[in-house]
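**Q** Encoded as structure tokens, here's the structure I'll be asking about.
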Amino acid sequence: MRIASTAILALLLVAGTPAGAQQVCSASSSPVSFGLYDPQSSATIDNAGSISVTCQATVSLLMAYTVKLSSGNSGALSQRKMLSGANSLNYQVYTDAARSSIWGDGSSGTSFISDAYLLQVLTPVVRHYTVYGRVPGSQNVKAGSYLDTLTILITY
């Protein structure tokens, strides 16, 4: 039995504007799609998605922001869950390729991305961040399409 699973990254922006400047930031994402999951296998499934942040300002300024992720369906950053009806499949997303730093909001030992760069007048700058996902093996789950939606919080 194989199970299809995907974690989708949704978008939420929180903005603050320094005095005398107007800036616009937006974010987009590609999902972390884990493909088919075999509950009889002990192998983990690793895959990656991405978050892109684009910022532009009306004056030159140093732009600093953070990129945080919500807990999704589970309500707990320490163990995210994709759902298929009443059934759940555990997974996690990380800020690093070694999958040692859980991407969250900074609480409960989780990490988030902080970045800064100089914006030139009306010149958009795009930064890309990889979201590293993992589904542990040996989870006894029913067949179905499993999905979770994480909210991306960009604060600047």
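**Q** Is at least one residue of segment 47-67 closer than 21 Å to residue 155 by Cβ, small (Gly, Ala, Ser), open to solvent by less than 40 Å² (accessible area, probe 1.4 Å) and in contact with a Leu (Cβ under 8 Å, 6 or more places away or on another chain)?
**A** Yes, the conditions are met somewhere in segment 47-67.
**Q** Anything in segment 111-156 that is within 22 Å of residue 36 (Cβ to Cβ), open to solvent by less than 70 Å² (accessible area, probe 1.4 Å) and of a type in the set (A, V, I, L, M)? List them, or say none.
**A** Of everything in segment 111-156, those that are within 22 Å of residue 36 (Cβ to Cβ), open to solvent by less than 70 Å² (accessible area, probe 1.4 Å) and of a type in the set (A, V, I, L, M) turn out to be 131, 135, 141, 143, 150.
**Q** I'm told residue 30 meets every condition in (1) hydroxyl-bearing (Ser, Thr, Tyr); (2) without any contact (Cβ under 8 Å) to a residue 24 or more places away in the chain; (3) in contact with an Asp or Glu (Cβ under 8 Å, 6 or more places away or on another chain) except one. Can you identify the failing condition by its number?
**A** For residue 30, the exception is condition (3).
**Q** Further question on the same structure: What residue, of 52, 33, 28, is assigned to a strand (DSSP E or B), within 23 Å of residue 142 (Cβ to Cβ) and under 14 Å from the mean Cα position of the chain (by Cα)?
**A** Details: 52 fails: within 23 Å of residue 142 (Cβ to Cβ); 28 fails: within 23 Å of residue 142 (Cβ to Cβ).
Within the list 52, 33, 28, the selection yields 33.
**Q** Considering segment 88-106 alone, what residues qualify as being part of a loop (DSSP other than H, G, I, E, B), among the hydrophobic types (A, V, I, L, M, F, W, C) and touching a residue at least 24 places away in the same chain (Cβ under 8 Å)? So that I can check it myself, show each step before the final result.
**A** Of segment 88-106, the ones part of a loop (DSSP other than H, G, I, E, B) are 95-101, 104-106.
Of the ones still in play, those that are also among the hydrophobic types (A, V, I, L, M, F, W, C) are 97-98.
The answer is 97, and nothing else.
**Q** Within segment 136-145, can one find any residue that is outside any loop (DSSP other than H, G, I, E, B) and either closer than 14 Å to residue 72 by Cβ or within 14 Å of the chain's Cα centre (by Cα) (or both)? Spell out the reasoning first.
**A** Pass one, segment 136-145, residues outside any loop (DSSP other than H, G, I, E, B): 145.
Retained after the next criterion (residues that are either closer than 14 Å to residue 72 by Cβ or within 14 Å of the chain's Cα centre (by Cα) (or both)): none.
Checking segment 136-145: not a single residue is outside any loop (DSSP other than H, G, I, E, B) and either closer than 14 Å to residue 72 by Cβ or within 14 Å of the chain's Cα centre (by Cα) (or both).
**Q** Go through (1) more than 13 Å from the chain's Cα centre (by Cα); (2) free of Cβ contacts under 8 Å to residues at least 40 places away in the same chain and name the single condition residue 85 misses.
**A** Tallying (1) more than 13 Å from the chain's Cα centre (by Cα); (2) free of Cβ contacts under 8 Å to residues at least 40 places away in the same chain, residue 85 fails exactly one: (2).
**Q** Quick one: in segment 36-46, which of the residues that are open to solvent by 60 Å² or more (accessible area, probe 1.4 Å) and in a strand (DSSP E or B) is nearest to residue 117 (Cα to Cα)? Lay out the reasoning, then the answer.
**A** Restricting attention to segment 36-46, the residues satisfying the condition of being open to solvent by 60 Å² or more (accessible area, probe 1.4 Å) are 36, 40, 42, 44, 46.
Still in the running and in a strand (DSSP E or B): 36, 46.
Working: 36: 39, 46: 31 Å.
Here the residue is 46.
**Q** Residue by residue through segment 68-94, note down the ones that are open to solvent by 50 Å² or more (accessible area, probe 1.4 Å), over 19 Å from residue 49 (Cβ atoms) and of a type in the set (A, V, I, L, M).
**A** Answer for segment 68-94, where residues must be open to solvent by 50 Å² or more (accessible area, probe 1.4 Å), over 19 Å from residue 49 (Cβ atoms) and of a type in the set (A, V, I, L, M): just 86.
**Q** Within the group 65, 91, which residue is at pLDDT 95 or above and touching a Ser or Thr at 6+ places or on another chain (Cβ under 9 Å)?
**A** Numbers: 65 fails: at pLDDT 95 or above.
Answer to the selection: 91.
The values are calculated or read from the model by the stated rules, or taken from the named source; none is laboratory data. All values reported here derive from a predicted model rather than from experimental measurement. Neighbour counts run over all protein chains shown; Cβ positions are idealised from the backbone, glycine included. All accessible areas refer to the heavy atoms of the entire protein, side chains included, with ligands and DNA or RNA removed. Shrake-Rupley method; radii C 1.70, N 1.55, O 1.52, S 1.80 Å.
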